[in-house]
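The values are calculated or read from the model by the stated rules, or taken from the named source; none is laboratory data. Model, not experiment: these values are computed from the prediction. As a convention, Cβ positions derive from the backbone with ideal geometry for all residues, glycine included, and neighbour counts pool all protein chains shown. Heavy atoms of the whole protein, side chains included, go into the accessibility calculation; ligands, DNA and RNA do not. Shrake-Rupley method; radii C 1.70, N 1.55, O 1.52, S 1.80 Å.
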Amino acid sequence: MALIELQGVARRYEVGGGVVTALREVDLEVEAGEFVVVLGPSGCGKTTLLNLIGALDVPTSGEIRINGQSLAGASRSDLFTFRRRSVSFVFQTFNLFPTLTALENVEFGVDVAGSDRSAADVLAEVGLGDRLHHFPSQLSGGEQHRVAIARALATGNPILLADEPTGELDFTTGVQILELLHAHSHAGMTVVVVTHNREIARVADRVIELSSGRVVGDGPPEGGQRAIADLRW
Ligand SMILES: Nc1ncnc2c1ncn2[C@@H]1O[C@H](COP(=O)(O)OP(=O)(O)OP(=O)(O)O)[C@@H](O)[C@H]1O
Ligand SMILES: [Mg+2]
């Protein structure tokens, strides 16, 4: 049984009298410990897919199962526990608390998940050991992004959903973050990373390609998997 299973999942949004189909008939299975990249152009449904897997949104049709359990069939309290203890998010827009420092933002993640990890240590791992007491407004975009990554990693939750985690980062820092995510997946964390960058996708075990809300590719990276050290983008 796969850890994450999607069967015939569609998500339609109604806006201003029109309908936008963000995802259509998506079938997908992700095994525990996989490092999966979701690749595709802007607007193809990547964020929508992450939100559905993380139970932040519900499909219009189809079914999502985590560890064999249907999200649609889960009670409110099961969903509450799932969001706190099983899944962690790196949002495309970071979603940091503006009134909390970097350290406090990460400690929030630790507290919510009941993790035993040290927020300061994880911030040091993402290269922000000297920015602990800065508020988000006192950090660069890439630094804010890394705080969001640290917050997700510090939860120790088994599923990490990361939306464009290298988007704001320069090459060297991006590589550092990919290495960190890889190390976590080797330690058993299931990592689903969204990107629109084909070069970044090449470090994954598996690339799921979306186009206009459909899965149009699913397999090892085109041209073979590449070591992070050999990446260029
Ligand atoms: N809440 C919403 N209401 C209406 N339409 C939405 C909503 N969220 C997303 N959409 C639409 O659904 C489609 C998929 O959006 P989504 O955010 O999943 O794309 P994406 O692949 O993450 O794009 P990007 O690379 O730009 O982040 C887009 O056409 C978008 O306009
Ligand atoms: Mg997106």
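The conditions of being outside any loop (DSSP other than H, G, I, E, B), touching a helix residue (DSSP H, G or I) at 6+ places or on another chain (Cβ under 6 Å) and not aliphatic (A, V, I, L, M) are met by R151. Quick check on E63: is it open to solvent by less than 80 Å² (accessible area, probe 1.4 Å) and more than 13 Å from ligand 1 (Cβ to nearest atom)? The answer is yes for E63. For the stretch 176-231, a residue qualifies if it is touching a His at 6+ places or on another chain (Cβ under 7 Å) and closer than 23 Å to L6 by Cα, and exactly one does: V191.
State all residues of the stretch 69-128 that are polar (S, T, N, Q) and part of a helix (DSSP H, G or I); if no residue qualifies, say none. Within the stretch 69-128, S77, T81, N105 qualify. Could we say that L23 is closer than 17 Å to M189 by Cα, over 14 Å from the mean Cα position of the chain (by Cα) and either touching a residue at least 60 places away in the same chain (Cβ under 8 Å) or within 15 Å of ligand 1 (Cβ to nearest atom) (or both) here? Against the criterion (closer than 17 Å to M189 by Cα, over 14 Å from the mean Cα position of the chain (by Cα) and either touching a residue at least 60 places away in the same chain (Cβ under 8 Å) or within 15 Å of ligand 1 (Cβ to nearest atom) (or both)), L23 does not qualify. When the residues of the stretch 25-54 are filtered to those that are open to solvent by less than 80 Å² (accessible area, probe 1.4 Å) and away from ligand 2 (no atom under 14 Å from the Cβ), which remaining residue is nearest to A201 (Cα to Cα)? For the stretch 25-54, the residue satisfying everything is V36.
Yes or no, residue by residue, for (1) touching a Leu at 6+ places or on another chain (Cβ under 9 Å); (2) within 16 Å of ligand 1 (Cβ to nearest atom); (3) touching a residue at least 40 places away in the same chain (Cβ under 8 Å):
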position: G40; (1), (2), (3): yes, yes, yes
position: T47; (1), (2), (3): no, yes, yes
position: R83; (1), (2), (3): yes, no, no
position: S86; (1), (2), (3): no, no, yes
position: T101; (1), (2), (3): yes, no, no
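Evaluation of T81 against the conditions (1) over 12 Å from A154 (Cα atoms); (2) modelled with pLDDT of 95 or more shows that the sole unmet condition is (2).
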